[in-house]
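First up is the structure itself, then whatever we jot down about it.
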Amino acid sequence: MLSAIPLRIALLSSVSRSAGELGHICIQNPGPVIPPRHLAHIFERFYRPDASRQRSGEGAGLGLAIVKTLIEAHGGTITAESTPDKTAFEISMPKTLC
């Protein structure tokens, strides 16, 4: 069972401005893999990988939902991909906003 993983300070990020209309931001958080069954839901409001356990001080499950809402409100997208050593978030935004 996956438990909540605190965000680590060691974030790797990069920004690229491709020849197209979108700018891209990639943020990588080192840590264990997020299983695909959970990864598909991490942008949903109040989503927690293990709803059966009571947690204190580990958030309400709103952060990524808020991020997604803000990015989409500005015409962008956000995706997540997880590997055994990191989880990467890629944000694509219209260049006029980057």
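The values are calculated or read from the model by the stated rules, or taken from the named source; none is laboratory data. For clarity, every value in this text was computed on a predicted model and none was experimentally measured. Note: ideal-geometry Cβ built from the backbone for every residue, glycine included; neighbour counts use all protein chains shown.
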Going through the range 64-95 in order, the residues found to be small (Gly, Ala, Ser) and closer than 12 Å to ILE42 by Cα are ALA65, ALA80, SER82
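Restricting to the range 39-84, name every residue that is in a loop (DSSP other than H, G, I, E, B) and either closer than 30 Å to GLU21 by Cα or at pLDDT 90 or above (or both). Break it down stepwise before answering.
Narrowing the range 39-84 to residues in a loop (DSSP other than H, G, I, E, B): 40-62, 74-76, 84.
Those that are in a loop (DSSP other than H, G, I, E, B) and either closer than 30 Å to GLU21 by Cα or at pLDDT 90 or above (or both): ALA40, HIS41, ILE42, PHE43, GLU44, ARG45, LEU62, HIS74, GLY75, GLY76, PRO84.
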Result of the Cβ filter at 6 Å on the range 83-97, keeping first residues that are farther than 8 Å from ILE27 by Cβ and among the small types (Gly, Ala, Ser) and partners that are modelled with pLDDT of 90 or more and not in a strand (DSSP E or B), at least 6 apart or interchain, is SER92/GLY76
